[in-house]
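Only one structure is covered here, and it is reproduced in the block below.
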Amino acid sequence: MWSSMDGMTSSNFAIVDRYLATELSARALALAFARGWVDSLLERERLDAAELAGKGRMAAEAARAVLDLLAAAGVVELDGGYRLTTGFRQALAARDLLEAKLWFANLVAPDVHEHFEALLTDVPRFMANARVFELFRYDRCLEVTPENLAATRRWVGYTTTLTKYEAPAALTRLDLAGHRSMLDIGGNSGEFARQACALAPHLRATVFVLPGVCTIGTEHVARFAEGARVQFLAGDLRGQDLPRGHDLVSFKSVLHDWPEDLAAAFLGKAVAALEPGGRLVVFERGPLRLDGVPLSHAMVANLVFLPFFRSPEFYQEVLAGLGMADIAIDWIELEMPFFLVTARKVAL
């Protein structure tokens, strides 16, 4: 299946990733955002190197080096002064996605550089040494404190932005009109559930997620009209059962975080909670293919999780073992392969 929404979302990723082609260009672009150059060029149209150096509080030589990198990357061009290219202005239509991917790629690149062998051959050693796992500290979501919320907001903001652009490709493939109550498990800030409610005005959603994320998610969905139909339920799926009464249960980019035994156990709890006749949805990244794919700095954001991406057949087999029917797999190509697994709980 292919929808116009698929094309729109995949196009956003392709346009943004064009400016994360190399690490040098990405770091130069991050510096240009941080020093206010991008906003200054949006306001003034053209600025010369000296003006940009002053705005960025840089020596002239340093500013020139950064501008050379930005020009090589197609971010700026020299035309009576430096200006943003037409292509980069187009990318700024998804500025939040561009800045999120830029931040995360630059953050995790040292993990790939320093621990590449362990990434491929010794996952426990990689996890023990890679700094990215200090970012995704789920233990800091269990107790709501100012310090824990500040730490959690960093990764929730990133994953929320990704979901904003990823979710439409999945949700437009689902017949949401056939459902009235959604349970989104591990649903982060509620962005996936919020978009589902925006597409289906009759739908109500519950996001089951760790306590600290509930606080952040409640703030997030409150900015949208459909957010009134999204509620949060604090819990930890490792030690709790799920609330019943939902005819649509979803996992969006959750299950790959957990070993196979826990992922299977979580699916079992979801099936138990799902109403007979209801539908279960798994929307995940698939195994990362490296053959024939242009190698770019943008790829490190997913490469750092290379050992954790499973094929959809794992979920298909687990769901079949749980007695689910009408199991289907639908592949979706965004900036990497995604898949949508859907299954129906047999009515009693």
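All of the numbers you see were taken from the coordinates with simple rules; none came from a lab. Nothing here was measured: the structure is a model prediction, and the numbers come from that model. Backbone-built Cβ (ideal geometry, glycine too); neighbour counts: all protein chains shown.
Observations on the model:
- Karplus-based coupling profile of region 164-175, in residue order and whole Hz: 3, 9, 7, 4, x, 5, 7, 5, 6, 8, 9, 7, with θ = phi - 60° in 6.51 cos²θ - 1.76 cosθ + 1.60 and x standing for Gly or Pro.
- Protection proxy ranking, peptides 274-282, 188-196, 219-227, average beta carbon neighbours within 10 Å, highest first: 188-196, 274-282, 219-227
- Evaluating 6.51 cos²θ - 1.76 cosθ + 1.60 at θ = phi - 60° for every residue in region 300-309, the Karplus couplings come out as 5, 4, 9, 4, 5, 10, 3, x, 9, 7 Hz, glycine and proline recorded as x.
- Neighbourhood net charge (12 Å Cβ-Cβ; Lys/Arg +1, Asp/Glu -1) for residue 56: +2
- Counting lysine pairs in the chain that sit 8 or more residues apart in sequence, or on different chains, and whose Cα atoms lie under 22 Å apart gives 6.
- Dipole axis of region 85-164 (+1 Lys, Arg; -1 Asp, Glu on Cβ), positive-most option in 148, 88, 161: 88
- Region 191-348 shape via C-alpha gyration tensor axes, a/c threshold 1.5: oblate
- Long-range Cα-Cα pairs in region 162-214 (distance over 16 Å), rounded percent: 38 percent
- Each peptide among 27-34, 306-313 gets the average number of other Cβ atoms lying within 10 Å of its residues, and from highest to lowest they stand as 27-34, 306-313.
- DSSP beta bridges in the chain [antiparallel fraction, %, rounded to 5]: 45 percent
- Comparing 152, 85, 161 in a Gaussian network model of the chain where C-alpha atoms under 10 Å apart are linked, the largest mean-square fluctuation is found at 85.
- Each part reduced to its alpha carbon centroid, region 167-211 and region 230-275 end up 14 Å apart.
- 5 angstrom amide H check on residue 281, placed H, neighbours 5+ away: 249, 250, 251
- Using a cutoff of 8 angstrom between alpha carbon atoms and counting only pairs six or more residues apart, the relative contact order for region 24-119 works out to 28 percent.
- Calculated SAXS-style log₁₀ I(q)/I(0) at q = 0.16 Å⁻¹ - region 120-256, Debye, Cα scatterers: -0.82
- Using θ = phi - 60° in the Karplus curve 6.51 cos²θ - 1.76 cosθ + 1.60, the 3J(HN,Hα) couplings for region 240-253 round to 9, 8, 9, x, 9, x, 10, 9, 9, 10, 10, 10, 10, 6 Hz; x is entered for Gly and Pro.
- Base-10 log of normalised Debye intensity for the chain (one unit scatterer per alpha-carbon) at q = 0.13 Å⁻¹: -1.06
- A Förster radius of 45 Å combined with the Cβ-Cβ distance from residue 311 to residue 59 puts the calculated FRET efficiency at roughly 0.30.
- Candidates 291, 122, 48, ranked by Gaussian network fluctuation over the chain, Cα under 10 Å, top entry: 291
- For the chain, the longest principal axis of the Cα atoms and the long axis of helix 312-321 meet at an angle of about 10 degrees.
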